[in-house]
Amino acid sequence: MTLDIRISKNASAVGETYAGVMRKMLKRLADDEDAVSLLSSSVAEPRALLRELVSGCFEGKITTRYQSVMTGNNPCLEEALAERYGVPGRNILCTAGATNALAFLYKTLVNPGETVLVERPGFDIFWDFARAQGVQVDYFSRKAPSFEIDVEEALSAITPQTRLIVLSNLHNPSGKMIPEDVLLRLAQGAQEHGVLVVVDEVYRDYAGKPNSALWSPEKTPNIIRLGSMTKMYGLSGLRCGWIIAHDAVMDAIVPVFMKLDFNASKLGHAVAAALLEEPSAFDAFVDDEIRRSRPCAVEELTRLKAKNMIDLEMPDYGCICFPKIVGVDDTRALAQWLIENHRVYTVAGEFFGAPGYLRLGFAIEPKKLKSGMQRLAEGVLLFREKDSDAG
């Protein structure tokens, strides 16, 4: 018997994704020792610190933080997050990463035929998750080079079908931070329409912890915040994320979560709790990684800008940036050219809804970063010459 397997029309509507391309590039990168990766959007995984942390939790007597996550949050993790972000534990829901949290919110809060309003440029899962379940996607612009938000323009895109506004802070892909007054005005305007604002904050702690007095669930009841250990500490292996939201949101989503979600890691969340209770060594690692790499990145990118190869307003925080490549429209073709001919890996702006840009991650060893930037410069020049000759 031949099985007739059919993918749903909604899932089939999702084309090539950032995640899919990243998997292919990382597999290829693993076989090329001389290549330079400018792909990563976080610091490197702090393996030595992680080994020490895990050993402390499980060598000899098993840590008391190792508790079930089947009936709710790991209580130690919940307490550590509540302390870190200045919110009550009841306003925290721990998840198997921020991506899982976002997918859950879409499934729980948006019906087919309703709409999410998404920033562009933005992370492709913001719209792909919606399309995969038959949800309409509208967009508002974040304007280069500062990738600012025009609040009035964004609010004017709200329709009676809009359920969520979805954006990132720090912005992925540019790394730019949204000024507090801008985010507050956006949230207040959305609240007048009964619309929730989902803020992906996985990079936010690179700029320091948010002001808990300003961003408490009581003061901003329609903001839902997403966080993760993956970006702020480079610890994707823990599969630990969280949702911070108002009581009314939690009352709606937690019962559904308890019915449908079994993905959180008892082990990962125990280790995350231990880290967040005593984060100083990991914070120092993150600060050192960015402190070492940022001056080199600024120097090389400034040189490229002076040569009219890129247009860029450097972000103040984090370890990613999103330069416009002057004279290049098809940055997917450019990214492939850079791999094939210069062995430097970047992410094309097309995956963020912005052809003509590349996302660059620069939290790597300065000598290798300098080599990667020089290869990038040489590759862009030759690519432009090739296109000019072809024209």
Exercise. Quick one: putting +1 on the C-beta of Lys and Arg, -1 on the C-beta of Asp and Glu, what dipole do you get for the chain around its Cα centre, in Debye to the nearest 20?
Worked result: 640 debye
Problem set entry | Top positive-direction residue, dipole computed over the range 1-52 with Cβ charges, set Ala13, Val43, Leu29 | Ala13
Exercise. Using Cα atoms only, what is the angle between the long axis of helix 18-29 and the major principal axis of the chain, expressed in degrees (0 to 90) to the nearest 10?
Worked result: 60 degrees
Problem set entry | the range 1-92: GluC sites (Glu not before Pro) falling in loop per DSSP and having at most 16 other Cβ within 10 Å | Glu16, Glu33, Glu59
For this session: Find the accessible area per residue for the range 1-148; the probe is 1.4 Å, ligands and nucleic acids are left out, and the unit is Å².
Result: 54 Å²
Seminar exercise, completed: Here the range 221-233 yields Karplus 3J(HN,Hα) values (6.51, -1.76, 1.60; θ = phi - 60°; whole Hz; Gly and Pro given as x) of x, 9, 9, 10, 9, 10, x, 6, 7, 5, 8, 5, 10
Exercise. So for the range 241-391, what percent of the C-alpha to C-alpha distances run longer than 27 Å?
Worked result: 44 percent
Exercise. Ignoring ligands, DNA and RNA, what accessible area per residue does the range 230-271 give at 1.4 Å, in Å²?
Worked result: 41 Å²
Seminar exercise, completed: Per the helix-only model, the chain has a calculated mean residue ellipticity at 222 nm (DSSP H runs of ≥4, -39500 (n - 2.57) each, divided over all residues, rounded to the nearest 500) of -14000 deg cm²/dmol
For this session: Calculate, for the range 302-352, the solvent-accessible area per residue in square angstrom, rolling a 1.4 angstrom probe over the heavy atoms of the protein chains.
Result: 42 Å²
Problem set entry | Arg47, Arg65, ranked by accessible area, largest first (probe 1.4 Å) | Arg47, Arg65
Problem set entry | Rounded if a/c under 1.5, otherwise prolate or oblate - the range 193-263, Cα gyration tensor axes | oblate
For this session: Give the share of C-alpha pairs in each 20 angstrom bin for the chain, from 0 to the last occupied bin, in whole percents, shortest bins first.
Result: 27, 57, 16, 0
For this session: Could you check how much of the accessible area of the chain is carbon and sulfur, as a whole percent, using a 1.4 Å probe?
Result: 51 percent
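Take the alpha carbon gyration tensor of the range 101-234, find the square roots of its eigenvalues, order them as a ≥ b ≥ c, and report rounded if a/c is under 1.5; if not, report prolate when a/b exceeds b/c, else oblate.
rounded
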Exercise. Using heavy-atom solvent-accessible surface (probe 1.4 Å) with all chains present, what is the largest-first order of Trp242, Trp337?
Worked result: Trp337, Trp242
Problem set entry | Mean separation of Cα contacts under 8 Å, 6 or more apart, over the residue count of the chain: relative contact order % | 23 percent
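Could you work out the percent of alpha carbon pairs in the range 24-162 separated by over 18 Å, rounded to a whole number? It would help to have the intermediate numbers written out before the result.
Details: 7196 of 9591 pairs.
Summing the P(r) of the range 24-162 above 18 Å gives 75 percent of all pairs.
The values are calculated or read from the model by the stated rules, or taken from the named source; none is laboratory data. All of these numbers come straight from a predicted model, not from anything done at the bench. Here the Cβ is made from the backbone with ideal geometry for all residues, glycine too, and neighbour counts use every protein chain on show. All accessible areas refer to the heavy atoms of the entire protein, side chains included, with ligands and DNA or RNA removed. Shrake-Rupley method; radii C 1.70, N 1.55, O 1.52, S 1.80 Å.
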